[in-house]
Amino acid sequence: MAFLISNAPPVAVLAGNPNCGKTALFNAITGSRQRVGNWPGVTVEKRQGTTTLESELVTIVDLPGTYTLGLGALDEKIAREFVVNEHPDVIINVVDATQLERNLYLTIQLLEMDIPMVVALNMFDEAKALDLQIDVDRLKKHLGIPVIPTVATKKQGIHELLFETARLITDAKRTYKHVGRIPDKNRIPVMKYAALEAEIGRLEREISLKAVRSSGSNAHLSLPHRWYAVKQLERNPNTLDIITKARYDRAAGIADSVIGQNLTADEITPSQAIDRLVLHPWLAYPIFLGIIWLMFHITFTFSQPIANSFAEFFAFIGAYVNNLLSSVGTPAVFNDFVVNGIIAGVGAVLEFAPPIFLLFMVITILEDVGYMARAASLSDRLMRAVGLHGGAFIPMILGFGCNVTGILAARGLDDPRDRLISIMVNPLISCAGRLPVYVLFAAAFFTEKRGLVVFSLYILGIFLAALVARIFSVLIKPDSASIFVMELPPYRLPRPGAVFIQTWERGREFLVKAGTVILTAVSVVWLLANLPLGTGPGDPNSYIGRFGTILAPAFRPAGFGDWKAVVALLSGIVAKELIIGTLGVLYGAGTVYGTAETGLIYAIREAFEPLSAYAFLVMSLVYIPCIATLVSIKRETNSWKWMAVSVVYTVLLGWILAVIVYQVGTFLVH
Amino acid sequence: MRPSGGLIPLNALEHRRAAVVVTLTGSGAARQKLMDMGLTPGAHIAVEGTVPLGDPIIVWVRGSRLALRHREAAGVLVSSCPQQYRWGYRRSHRPKR
């Protein structure tokens with residue numbers, strides 16, 4: 001009850017299963033008044049917003065979607081710990097009315113925490129369409145809390161839901177004022193665990209006693225003591241079995257009692273009908289590949305004109321600023337820094353915003369529709385061959401947009417080992433940032449077969465990811481059998497608003513990166529290339545030139561022992577897309593844009609030959625993931641060790657492959 | 001609906017045959033994950049089919065569909081009932097109280 005003591009606004013949390021429409025409800029409640037942050041210590045998205053209830057500001061926190069509040073997956077842990085530690089003032093439990101039984105399993109666990117709660121019986125229109133006649137009043141009686149039918153996507157029932165939420169907050173306040181303390185937490189329990197009740201009672205007394213002895217009050221235990229007692233029993237596998245079964249049986253009992261329908265019709269559900277096609281023995285994989293192809297086609301074809309206009313825009317801005325600065329009379333060095341360093345550098349990165357956003361949009365639509373769960377099931381067999389499971393498919397696909405997003409998506413995997421392996425191999429998936437490097441070199445050296453060259457690098461990345469995953473899965477011993485259980489949600493039409501918001505959130509990470517890490521790094525690279533004074537880009541006596549010259553011999557066996565190429569790789573650590581910008585600066589080709597690009601193509605034609613160019617591309621694909629990716633590996637694995645491992649293995653692997661390409665290629669040519 | 005058959009692993013259950021979960025043989029996190037997804041003793045269950053390469057299988061439990069592997073399904077022992085399962089959430093699946 002944070003707000004009763006401090007003056008902070010009351011906090012309401014949204015809790016519910018995956019696919020229950022929780023995000024849509026969150027959007028309906030908060031509108032644009034929301035922001036996305038991270039849960040402390042982990043990079044799981046934390047959506048938070050505000051709304052005004054009876055002229056009072058209320059903070060709304062969206063918990064990760066979970067089936068349970070158990071001790072398992074990260075998402076569950078986050079949801080549970082937030083409720084226990086932060087003690088929200090109200091829980092809004094979003095329940096999918098068409099999946100009452102499964103959803104009530106979570107509802108019961110939330111009720112046991114004895115925090116004021118209201119149920120949003122969401123997708124009520126769909127339940128009606130299915131002819132599930134849900135007796136809302138009876139559900140209310142069973143649960144002992146308000147139940148409001150809602151259709152979040154159509155904003156139905158939101159007003160009533162917020163009214164109930166406001167009432168619960170006011171009630172809590174009034175009780176506090178009259179009684180002078182937080183309402184008694186030890187009321188009649190919602191769940192009775194027949195055979196375990198004696199043990200629960202004993203533990204409960206023990207906990208109360210301990211609490212009073214240690215601090216003189218029980219204020220630090222924010223939940224009913226009974227809840228802690230039950231949690232303790234959940235640690236024992238035998239009693240956990242009994243507790244889980246009892247909760248599900250109760251959920252089933254309630255669902256049975258409130259669903260009036262008693263159809264005996266024998267037809268299949270619409271989703272099953274669609275799956276007869278989508279999971280068809282012969283058609284499933286062609287459809288799967290078709291969708292993946294379409295996804296990339298849409299991403300890279302549709303984004304082309306937008307990306308081009310971005311490029312033109314930055315070229316224009318660059319020229320404009322250059323003129324402006326010249327007329328003001330600032331030193332030429334400064335002008336060069338602003339135009340060729342900052343504007344060109346950031347522009348080079350922002351050019352990837354259109355394909356990245358489009359890819360995320362398509363992926364979000366596929367998730368929203370329900371296809372991603374099918375794709376995960378279809379790929380399970382293939383993923384298992386490399387020691388992963390179907391759930392790891394989504395992080396991999398997201399990696400094609402941006403490895404950071406792919407690594408974040410791995411949090412959806414329950415098993416820590418699956419998660420770790422997915423994170424470690426994700427950087428081998430060709431993100432959108434590498435594409436321009438491929439495209440530039442392919443255009444310079446492989447005019448006829450450039451499509452094939454680019455495609456080969458994507459395939460190489462997938463192959464290496466599979467290979468490395470296999471190696472890691474042999475090296476890292478599983479501590480428990482990882483299992484694949486995935487709900488196949490009913491197919492649903494995508495909701496434009498939700499798709500837009502989700503796409504924006506996923507792409508945001510990339511924009512933030514462009515605005516912060518990359519801006520800083522671009523400036524540093526420019527400075528190193530232009531200092532000490534008197535040197536300039538392309539001068540081996542500049543700081544970066546000296547460093548590159550030291551490292552260059554190591555890459556001679558790979559065919560690109562030129563210090564400029566090495567420096568380009570160094571700046572590519574900041575962001576792979578910077579490789580081009582750096583080459584442009586070092587070869588004095590000026591900005592990479594518009595017609596000037598031909599300048600860079602000529603310059604690299606001088607410096608590379610086709611074989612060393614391909615070796616360079618292989619190195620660009622594999623070596624050290626960008627800084628943003630490294631930072632997310634560190635955060636997600638919570639270990640410097642794994643971050644170091646990813647640096648070392650990718651450099652070694654990239655170098656070995658580049659040398660093989662060049663040496664074997666040279667041998668074959670002669 | 002009363003189970004009548006002997007104990008068989010879920011992945012050996014005839015498609016579309018209604019059945020009741022009797023026990024889970026696994027242990028640890030894997031077992032709990034299955035139970036959290038609704039595969040608790042007493043739950044009504046049926047196998048709808050498999051995905052193209054034969055694994056995972058698709059099962060119905062508690063009014064929703066899950067994909068799970070043969071390996072995990074083998075650890076779920078069920079007892080089959082005489083009748084066929086009716087897809088979707090159907091109250092008539094349950095024994096009268």
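Could you look through region A:74-99, keep only residues that are within 14 Å of chain B (Cβ to nearest Cβ) and open to solvent by less than 10 Å² (accessible area, probe 1.4 Å), and pick out the one that is modelled with the lowest pLDDT? Spell out how you get there, then give the answer.
Residues of region A:74-99 that are within 14 Å of chain B (Cβ to nearest Cβ), as a first pass: A:74-77, A:79-80, A:95-99.
In the following step, the residues that additionally are open to solvent by less than 10 Å² (accessible area, probe 1.4 Å) were identified as A:79, A:95-97.
Working: A:79: 87, A:95: 97, A:96: 94, A:97: 93.
Ranking the qualifying residues of region A:74-99, first place goes to A:79.
Could you check region A:272-293 and list, in sequence order, the residues that are assigned to a helix (DSSP H, G or I) and without any contact (Cβ under 8 Å) to a residue 24 or more places away in the chain?
A:272, A:273, A:276, A:277, A:286, A:287, A:289, A:290, A:293, listed by residue number.
Tell me, please, whether a residue that is open to solvent by less than 30 Å² (accessible area, probe 1.4 Å), of a type in the set (Val, Ile, Thr) and at pLDDT below 85 can be found in region A:509-524.
yes
Is there a residue in region A:118-127 that is closer than 21 Å to residue A:10 by Cβ, away from every other protein chain (no Cβ under 14 Å), aromatic (Phe, Trp, Tyr) and touching a helix residue (DSSP H, G or I) at 6+ places or on another chain (Cβ under 9 Å)?
Keep residues of region A:118-127 that are closer than 21 Å to residue A:10 by Cβ, which gives A:118-120.
From what's left, away from every other protein chain (no Cβ under 14 Å): A:118-120.
Within this subset, residues satisfying the condition of being aromatic (Phe, Trp, Tyr) are none.
No, region A:118-127 contains no residue that is closer than 21 Å to residue A:10 by Cβ, away from every other protein chain (no Cβ under 14 Å), aromatic (Phe, Trp, Tyr) and touching a helix residue (DSSP H, G or I) at 6+ places or on another chain (Cβ under 9 Å).
Of the numbered conditions (1) within 13 Å of chain A (Cβ to nearest Cβ); (2) open to solvent by less than 10 Å² (accessible area, probe 1.4 Å), residue B:19 satisfies every one except a single condition; which is it?
It fails just one condition, (1).
Hey, does region A:374-392 have a residue that's closer than 22 Å to residue A:433 by Cβ and either of a type outside the set (Asp, Glu) or within 13 Å of another protein chain (Cβ to nearest Cβ) (or both)?
yes
Being among the hydrophobic types (A, V, I, L, M, F, W, C) and more than 25 Å from the chain's Cα centre (by Cα) is the filter here; which residues of region A:86-117 pass it?
Residues satisfying the conditions are A:90, A:97, A:100, A:104, A:108, A:110, A:111, A:113, A:115, A:117.
Before we move on, is residue B:77 surrounded by 22 or more Cβ atoms within 10 Å (Cβ to Cβ) and either more than 7 Å from chain A (Cβ to nearest Cβ) or under 13 Å from the mean Cα position of the chain (by Cα) (or both)? Spell out how you get there, then give the answer.
Working: surrounded by 22 or more Cβ atoms within 10 Å (Cβ to Cβ): no; either more than 7 Å from chain A (Cβ to nearest Cβ) or under 13 Å from the mean Cα position of the chain (by Cα) (or both): yes.
Against the criterion (surrounded by 22 or more Cβ atoms within 10 Å (Cβ to Cβ) and either more than 7 Å from chain A (Cβ to nearest Cβ) or under 13 Å from the mean Cα position of the chain (by Cα) (or both)), residue B:77 does not qualify.
Mind checking which residues of region A:52-65 are modelled with pLDDT of 85 or more, in a strand (DSSP E or B) and either open to solvent by less than 20 Å² (accessible area, probe 1.4 Å) or of a type in the set (Val, Ile, Thr) (or both)?
Scanning region A:52-65 gives A:58, A:59, A:60, A:61, A:62.
Could you check region B:22-53 and list, in sequence order, the residues that are touching a Pro at 6+ places or on another chain (Cβ under 9 Å) and more than 7 Å from every other protein chain (Cβ to nearest Cβ)?
If the condition is that a residue be touching a Pro at 6+ places or on another chain (Cβ under 9 Å) and more than 7 Å from every other protein chain (Cβ to nearest Cβ), then B:22, B:23, B:24, B:25, B:31, B:50 are the ones that fit.
With A:219, A:265 as the choices, which residue is within 14 Å of chain B (Cβ to nearest Cβ), modelled with pLDDT under 90, part of a loop (DSSP other than H, G, I, E, B) and over 34 Å from the mean Cα position of the chain (by Cα)?
A:265
Of the residues A:277, A:283, which single one is open to solvent by 80 Å² or more (accessible area, probe 1.4 Å) and within 14 Å of chain B (Cβ to nearest Cβ)?
A:277
Tell me, please, whether a residue that is more than 14 Å from chain B (Cβ to nearest Cβ), open to solvent by 20 Å² or more (accessible area, probe 1.4 Å) and at pLDDT below 85 can be found in region A:414-434.
Going residue by residue through region A:414-434, those that are more than 14 Å from chain B (Cβ to nearest Cβ) are A:420-434.
So of that shortlist, the ones also open to solvent by 20 Å² or more (accessible area, probe 1.4 Å) come out as A:420.
Narrowing further to those that are at pLDDT below 85: none.
No, region A:414-434 contains no residue that is more than 14 Å from chain B (Cβ to nearest Cβ), open to solvent by 20 Å² or more (accessible area, probe 1.4 Å) and at pLDDT below 85.
The values are calculated or read from the model by the stated rules, or taken from the named source; none is laboratory data. Here the structure is a predicted model, which is why all the values come from computation and not from measurement. Note: ideal-geometry Cβ built from the backbone for every residue, glycine included; neighbour counts use all protein chains shown. Just so you know, the surface numbers come from the protein's heavy atoms only, side chains and all, with ligands and any DNA or RNA stripped out. Shrake-Rupley method; radii C 1.70, N 1.55, O 1.52, S 1.80 Å.
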